[in-house]
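What follows is a set of notes on a single structure, which appears directly below.
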Amino acid sequence: MCGIVGYVGQRAAEDVIIDGLRRLEYRGYDSAGIALFNEQELFVEKHAGRLSVLEGYLSANPHRDARLGIGHTRWATHGAPNDVNAHPHTGCTPRFAVVHNGIIENYNELRRELMARGHRFVTETDTEVLPHLLEEVYAGDLATAVFEVVAKLRGAYALAVVTSEDPNTVIAYRQDSPLIIGLGQGENFLASDIPALLPYTRQTVVLDDGDLAVLRSSGVSFYREGKEIEKDIFTVTWDEVAAEKAGFDHFMLKEIHEQPKALRDTLSGRILEQGTNLAEEIGLTSDMIKGINRVVVVACGTAYHAGLVGKTLIERLARIHVEVDYASEFRYRQPVLNPNDLVIIISQSGETADTLAALREAKRQGCTVVAITNVVGSSVSREGQHVLHTWAGPEIAVASTKAYTTQLAALTLMAIELGLGRKTLKVTRAQELLRGLREIPLQVGEIIAQAEKIKAVAEHVAKSEHVFFIGRGLDFNVALEGALKLKEISYIHAEAYAAGELKHGTLALITAGTPVICLFTQAELQEKMVSNVEVVRARGGYTVSISSCCADVTGTISDVEIRLPETDPLLAPMLSVVPLQLLAYYAAVTRGADVDKPRNLAKSVTVE
Ligand code: M6R
């Protein structure tokens, strides 16, 4: 989850590296460091805290003559986030500097062996074994030395390495953690993610597991298992502005506002007169669709919540049994899969370690795998057999918003396509849903226009330490996402409950003034839901209803009512989640929390 940047060329390396790290800060932000080489000495500076601390130090002590360097923003795994544990790491002598993203699983064993051979360790990190190993194997060629070192490692890692022995070279190596090379004219770059490269180049090469890149100002060469290889160049089409805040106070708010466009882009070109062209786009044949025995959706966090909505949609429209699993649980419970199972992997980043491992397990067991991801060129996108991209554009805020709604749009299209393919869904019903789907982007915009009203609710909610979200059916699935949003950015304890479950225990926690956010979008469940909310009101709960149905009752049983535009109940999650995103956002702002960089979290979770 850490961010890595590297540079070699004619510019002041510190400028490029700090600029790149700023664009990657969403990957980790508990400490930051840089190694710069100015043809005489390797200079390493690292500090606990945000990148601005490192920047402050560098502006007082610049090294602007350095034309080569590597940098890192950290999300601590081994050892507290302090100055010493921050990357880059050096060995017994300052000959090698290494930055690392991922986890070296056998570091304890390596560390013991190195110490027995006289190496002195100063950090608690797994990474520190690397420069010590390099000291042992280096014999004049850094690439060869890195190959020798990685042969001793187990785990997931992306590395960037420089040495004072070779002032013109940066080495990058990837194993199960993302690393992208940026190609320039007389300069070259590396980074954990594309936004860091965009101000400088759109020509990129995505490293695969086992790839090593040798970066010099004159060019980049690629190697695997010691042999030179050719790599495809991937031209990035989205622009830098898409990864900037564009006048919004936070990326999260900007990304909430971008949802109409993200949804339009995701739906665009995929809706036909009588159905969708999804199967053709992702290469699912009609026989494959008819032969599906079961669907298994695997994902983490927000993407898992999207999967829960997908389950209802696919079961209702295609009448296939669907299971939804947390990726972190899936692979370790020895899942029983068979080749007629369709496994749907959902991941915004396409780099979540658990999700990627689940994808590989499903492929290993011979299942057909559909990967829904937002990042073209990500590991999930490259390894998925049938890839359905969401076109949300870069999502920078740690809290996922537009990724979720676009995942729902993709899953809706998928459910319709499966239903039509299996003849469980009538064309007329599919057309009705597709008409509704076309309206969704505009309707999301209408909800965002109610932001001031939601802000007022958020200011009230922000005073509470406990908040509950309740709903039935699809509303319960969205309630789970609403609770996750609130807790991750505002640090308010939030729980989602299937409304009918409250009375089986949790109702004991509802006292006078406890905020309970009640979702009402499923007309057929209206009466039951009303009774559940009445029970909350009888205990003095502060009820906020978010409703696209039941207008005659929700107003009377709620302290505040937020009305949604009318839509088909199956499409409602794409609307009802939007007020919940705004509620979480404004509650976090009211409490003075760092919205885009919530404590302890990182955007891309590349460790298990
Ligand atoms: O990139 P992914 O979709 O695989 O990420 C999975 C989760 O880490 C992610 O959805 C997380 O729960 C959200 N950032 C929460 O808002």
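Derivation of every value follows stated rules applied to the coordinates shown; laboratory data play no part. Quick caveat: nothing in here was measured; it's all calculated off a predicted structure. Methodologically, a virtual Cβ is constructed for each residue, glycine included, from the backbone with ideal geometry; neighbour enumeration extends over all protein chains shown.
Take the Cα coordinates of region 104-254, assign each an equal point scatterer, and use the Debye formula without solvent to give log10 I(q)/I(0) at q = 0.10, 0.11, 0.20 Å⁻¹.
With one equal scatterer per Cα and no solvent, log10 I(q)/I(0) is -0.43, -0.51, -1.21.
Would you mind giving the three semi-axes, in whole Å and largest first, of the ellipsoid equivalent to region 1-106 according to its Cα gyration tensor? Present the calculation step by step, with values, prior to reporting the outcome.
Numbers: eigenvalues 82, 47, 30 Å².
For region 1-106, the ellipsoid semi-axes come out as 20, 15, 12 Å.
Helix 51-60 versus the longest principal axis of the chain: what is the Cα-based angle in degrees, 0 to 90, to the nearest 10?
In the chain, helix 51-60 runs at an angle near 40 degrees to the longest axis.
Of Thr201, His100, Leu433, which is farthest towards the positive pole of the chain's charge dipole, taken about the Cα centre with +1 and -1 on the beta-carbons of Lys, Arg and Asp, Glu respectively?
Leu433
More than 29 angstrom separation, counting every C-alpha pair in region 3-244; what % is that? Don't jump to the answer; show the numbers that get you there.
On the way: 5649 of 29161 pairs.
It works out to 19 percent of all Cα pairs.
Give me the extension gain from Thr590 to Glu124: residue separation times 0.36 nm, minus the current Cα-Cα distance, reported in nm with one decimal.
Numbers: separation 466, 0.36 × 466 = 167.76 nm, distance 3.69 nm.
The span from Thr590 to Glu124 would gain 164.1 nm if fully extended.
Given R₀ = 45 Å, FRET efficiency for Ser286-Lys453 by Cβ-Cβ distance, to 0.05? Don't skip to the end; give the middle numbers.
Values: r = 47 Å, r/R0 = 1.05.
E between Ser286 and Lys453, to the nearest 0.05, is 0.45.
How far is helix 301-318 tilted, in degrees, relative to the longest principal axis of the Cα atoms in the chain, given as a value from 0 to 90 rounded to the nearest 10?
The angle comes out at about 50 degrees.
Compute the angle between helix 526-538 and the longest alpha-carbon principal axis of the chain, please, reported from 0 to 90 degrees and rounded to the nearest 10.
Taking the Cα atoms of the chain, the angle to 526-538 is about 80 degrees.
Would you mind getting me the FRET efficiency between Ser218 and Glu148? Use the beta-carbon distance for r and R0 = 22 Å, nearest 0.05.
Values: r = 25 Å, r/R0 = 1.13.
The value I calculate is 0.30.
How big is D for region 419-475, in µm² s⁻¹ as a whole number, if Stokes-Einstein is applied with the Kirkwood radius of its Cα pairs at 10 °C and 1.306 mPa s?
Values: Rh = 15.0 Å.
My calculation gives 106 µm²/s for D.
Shape of region 439-578 from its Cα gyration tensor (a ≥ b ≥ c, root eigenvalues): rounded if a/c is under 1.5, otherwise prolate when a/b > b/c, or oblate?
On the way: a/c = 1.55, a/b = 1.21, b/c = 1.29.
Cα axes put region 439-578 in the oblate bin.
Which trypsin sites (Lys or Arg not before Pro) in region 434-492 sit in a loop by DSSP (not H, G, I, E or B) and have at most 14 other Cβ atoms within 10 Å of their own Cβ?
Working: sites: Arg435, Arg438, Lys453, Lys455, Lys463, Arg472, Lys485, Lys487; in loops: Lys463, Arg472.
Passing sites in region 434-492 are Lys463.
Tell me what the chain gives for mean residue ellipticity at 222 nm when only DSSP H runs of n ≥ 4 count, each as -39,500 (n - 2.57), the sum divided by the residue total, rounded to 500 deg cm²/dmol. Intermediate results must be reported in sequence, preceding the final value.
On the way: 20 runs with 222 residues, N = 608.
About -11000 deg cm²/dmol.
At 7 Å along Cα-to-Cβ for each site, give me the label-to-label distance between Asp209 and Ile229 in nm.
1.2
What three numbers, in Å, describe the spread of the alpha carbons of region 505-608 along their principal axes, ordered from the longest?
45, 34, 28
On a straight-distance basis, which lysines could pair with Lys254 in a cross-link, Cα separation under 27 angstrom, same-chain partners fewer than 8 positions away excluded?
Here the lysines satisfying the reach criterion relative to Lys254 are Lys245, Lys402, Lys453, Lys455, Lys463, Lys485, Lys487, Lys597, Lys603.
Distances over 25 Å make up what percent of all Cα-Cα pairs in region 171-318?
Numbers: 5933 of 10878 pairs.
When all Cα pairs of region 171-318 are counted, 55 percent exceed 25 Å.
How far, in nm, would the chain grow between Glu495 and Gln431 when pulled straight, counting 0.36 nm per residue and subtracting the alpha carbon separation?
Values: separation 64, 0.36 × 64 = 23.04 nm, distance 3.62 nm.
Gain on stretching Glu495 to Gln431: 19.4 nm.
So what does the Cα-only Debye profile of the chain read at q = 0.07 Å⁻¹, as log10 I(q)/I(0), no solvent term?
Debye intensities relative to I(0), on a log10 scale: -0.45.
At 0.36 nm per residue, and after removing the present C-alpha to C-alpha distance, how many nm does the segment from Gln365 to His321 gain when stretched out fully? Could you put the intermediate results ahead of the total?
On the way: separation 44, 0.36 × 44 = 15.84 nm, distance 1.90 nm.
Gain on extension, Gln365 to His321, equals 13.9 nm.
Restricting attention to the alpha-carbon atoms of region 65-146, what are Rg (one decimal) and Dmax (integer), both in Å?
12.7, 39
How big is region 488-540 by Rg and Dmax over its Cα atoms, in Å?
Cα only, region 488-540: 11.8, 34 Å (Rg, Dmax).
For an R0 of 25 angstrom, estimate the FRET efficiency from the Cβ-Cβ distance between Asn277 and Lys423 and round to the nearest 0.05. List each step's numbers first, then the result.
Details: r = 18 Å, r/R0 = 0.71.
In this case the efficiency is close to 0.90.
Highest mean first, how do 148-154, 423-429 rank when packing is the count of other Cβ atoms within 10 Å averaged over residues?
Working: 148-154: 16.7, 423-429: 13.3.
Top to bottom by mean Cβ count within 10 Å: 148-154, 423-429.
Per the Cauchy relation, a quarter of the hull surface: what is the mean projected area of the convex hull of the alpha carbons in region 328-483, in nm²?
Numbers: hull surface 47.5 nm².
Result: 11.9 nm².
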